[in-house]
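I have placed the structure first, in the form of structure tokens, so that the comments after it can refer back to it.
Laboratory data are not the source of any read-out in this text; all were calculated from the coordinates shown. The structure displayed is predicted, hence computed values, not measured ones. Note that each Cβ is placed from the backbone with ideal geometry, even for glycine, and that neighbours are counted across all protein chains shown.
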Amino acid sequence: MSQNLKIASWNINSVRARLDIVTRFLTEEAPDILCLQETKVMNDAFPGGIFRQMGYNHQVLHGQPMHHGVAIVSKIPIREDDRLDWQANGEARHVGVRLDNGVRLENVYVPAGGEVPDHTVNPKFGQKLAFVERMIEWSSKLDKPTILTGDFNIAPLECDVWSHKQLIDVVSHTEVECELLARLQASHNWVDIGRHFHPAPTRLYTWWSYRARDWAASDRGRRLDHMWISPELLDNAVSHRVAEPCRNWARPSDHAPLVTEFRF
DNA sequence: ATGTCACAGTAACTGTGA
């Protein structure tokens, strides 16, 4: 007996400010599980009742005041596995759960890394690199089929940004970041499910700055959000797409959701 | 490219992070 499972991931840029669009998304898309990043809310102020009304009765929250914060809401049982602190500074950037079928689901919000891609003058950039280094140590020891998703804040391929030439020195697309992400991918032979279903150089942006006068017309996007799976799950993956229209909804997040369907 | 968001502290702004 096979089970269909739809998993979505969305950097929501404040879950409270986005209640209208997140509920619209759940109504239209009806994923079984939604991974959120940048919830920007403490756990006791998380609008869990709204999600419960929509059938998302299983919720694992890892929030903090003001910044960052991740959460997983689900229609099917999820059991909390861990909440790791890959920066060792107390920020809420990861939560991992286990599904009843034994698959792990890891939801991560990698640090943006500040403006200047030089850790000697910008400590945030160093923290971002250290964060991913610790992820590599963790990832290389994983021994269960795992789905790793979230806002990685790195656009790894030339076709993952609107201009490779103009962004090569911009944090999110620098050589050191792209190499680090490649090492993370190699550490578990992760399958980049976005590129599995939409091979390079297909345009597959997930983020567009708020600062553009017309985000869609200029289309200066980057692929910062990702869903990776253990190789043994590849046969279970049915489809994957970026729900780009959500970027055009009223009071949008600057990220669009990822939607992946599995069959187990 | 100083453009646009959200949050919190202090009271219509400023600072921070993105």
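When a/c is below 1.5 the answer is rounded, else prolate if a/b is larger than b/c, else oblate, so apply that to region A:153-264 with a ≥ b ≥ c taken from the square roots of the Cα gyration tensor eigenvalues. It is oblate, given that a/c is not under 1.5 and a/b is not larger than b/c.
Using the Karplus relation 6.51 cos²θ - 1.76 cosθ + 1.60 with θ = phi - 60°, the per-residue 3J(HN,Hα) values for region A:152-165 come to 7, 6, 9, 9, x, 9, 4, 7, 8, 9, 5, 8, 4, 4 Hz, with x marking Gly and Pro.
Here region A:4-263 carries DSSP beta bridges of which approximately 80% are antiparallel, counting only pairs with both residues inside.
Taking the number of Cβ atoms within 10 Å of each Cβ as an exposure proxy, the fewest-first ranking of A:T146, A:T27 is A:T27, A:T146.
When peptides A:30-43, A:227-240, A:249-262 are sorted by average Cβ neighbour count within 10 Å, with the highest value leading, the order is A:30-43, A:249-262, A:227-240.
Compute for region A:132-177: radius of gyration divided by Kirkwood radius, i.e. Rg/Rh, restricted to C-alpha atoms, rounded to two decimals.
Ratio of gyration radius to Kirkwood radius: 1.08.
Given their separation in residues at 0.36 nm each and the Cα-Cα distance between them, A:A45 and A:R213 gain 57.2 nm when the chain is fully extended.
Show me A:158-165, A:101-108 ranked by packing, highest mean number of other Cβ atoms within 10 Å first.
For the peptides A:158-165, A:101-108, the packing ranking is A:101-108, A:158-165.
Residues of region A:85-99 with an amide N closer than 18 Å to a point placed 7 Å from the Cα of A:I76 along the Cα-to-Cβ direction: A:96-99. Strictly over 24 Å apart at the Cα level, which of A:K75/A:K141; A:K40/A:K144; A:K40/A:K75 would you flag in this model? Pairs exceeding the cut-off: A:K75/A:K141; A:K40/A:K144.
Each of A:R134 and A:V116 was given a label point 7 Å from its Cα along the Cα-to-Cβ line. The distance between the two points is 2.4 nm. Sorted into 10 angstrom bins from 0, the C-alpha pair distances of region A:4-263 split as 7, 33, 40, 19, 2 percent.
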